[in-house]
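The next block holds one structure in the form of structure tokens; read it before the comments.
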Amino acid sequence: GLDVFLSEILWREFSAYLLFHKPDMPEQPMRPAFAALPFRDAPRELRAWQRGHTGVPIVDAGMRQLWQTGWMHNRVRMIAASFLVKQLLVDWRAGEDHFWDTLVDADLASNAASWQWIAGSGIDSQPFFRIFNPVSQGEKFDPDGVYVRKWVPELAGLPGKHLHAPWTAGTDVLAKAGVALGQTYPRPLVDLAEARMRALDAYRRTVKGAAPPDATSEAA
């Protein structure tokens, strides 16, 4: 626990260092090539993400927890952020603005650096082509479904094998759990596999091959 705590302190200080040297970090990608990434103007999907109505349970659980409490676990922040930027291909700055408005622990530097980390446009970021699968992430980090059932209670009756992907359940299973997709719980905004390929195609066409910045020279 101590090592994790110290690493988070270091990330906080690193984010502050970046913001000091790059005061436009909350607005501009630190890797210039990412400015050409063709983000989508999708206000309906953005609103669904903000309110936890994407049809993807682990994402919805996190976004509802954020909306109701002003906080959510770092792992779910990454899953939800990746879904917005990559599966929905919505500008990371829209997510950054929403987190700034809703997080009780919002910090300008950490928020901006973290969103650029997810988007692949920052320094020491995860590659853009690393796209979280929210279903497998849910199964891995919420294997018993406790988190999803708490924040998405309309799915509480689903068996564990379908909880993180209710669209895979048969009509009899859904009916027994009291779930009507498109009525009591939304269908997914996107097909996850197709959305992943759309994001990768956008990345290959506009960004791939751009050299990542050097942390020292870019921030100095």
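The values are calculated or read from the model by the stated rules, or taken from the named source; none is laboratory data. Just so we're clear, the structure is a prediction, and the values are computed from it rather than from any experiment. Every residue, glycine among them, receives a Cβ derived from its backbone with ideal geometry; neighbour counts consider all protein chains shown. Accessible surface is based on the protein model in full, side chains and every heavy atom, while ligands, DNA and RNA are left aside. Shrake-Rupley method; radii C 1.70, N 1.55, O 1.52, S 1.80 Å.
Summary of values
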| read-out | value |
| --- | --- |
| Flag for Ala210 being surrounded by 12 or more Cβ atoms within 10 Å (Cβ to Cβ), modelled with pLDDT under 95 and in contact with a His (Cβ under 9 Å, 6 or more places away or on another chain) | no |
| Hits in region 153-172 (condition: open to solvent by 40 Å² or more (accessible area, probe 1.4 Å) and part of a helix (DSSP H, G or I)) | Pro153, Glu154, Gly160, Lys161, Trp167, Thr168, Thr171, Asp172 |
| Residue match in region 29-47 (condition: within 18 Å of Asp101 (Cβ to Cβ), assigned to a helix (DSSP H, G or I), without any contact (Cβ under 8 Å) to a residue 60 or more places away in the chain and within 15 Å of the chain's Cα centre (by Cα)) | yes |
| Any hit, region 21-44, residues being open to solvent by 20 Å² or more (accessible area, probe 1.4 Å) and either of a type in the set (Val, Ile, Thr) or within 30 Å of Val146 (Cα to Cα) (or both) | yes |
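Conditions (1) of a type in the set (Val, Ile, Thr); (2) in a helix (DSSP H, G or I); (3) over 20 Å from the mean Cα position of the chain (by Cα), marked per residue:
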| residue | (1), (2), (3) |
| --- | --- |
| Lys150 | no, yes, no |
| Gln183 | no, no, yes |
| Val190 | yes, no, no |
| Glu194 | no, yes, no |
| Ala202 | no, yes, no |
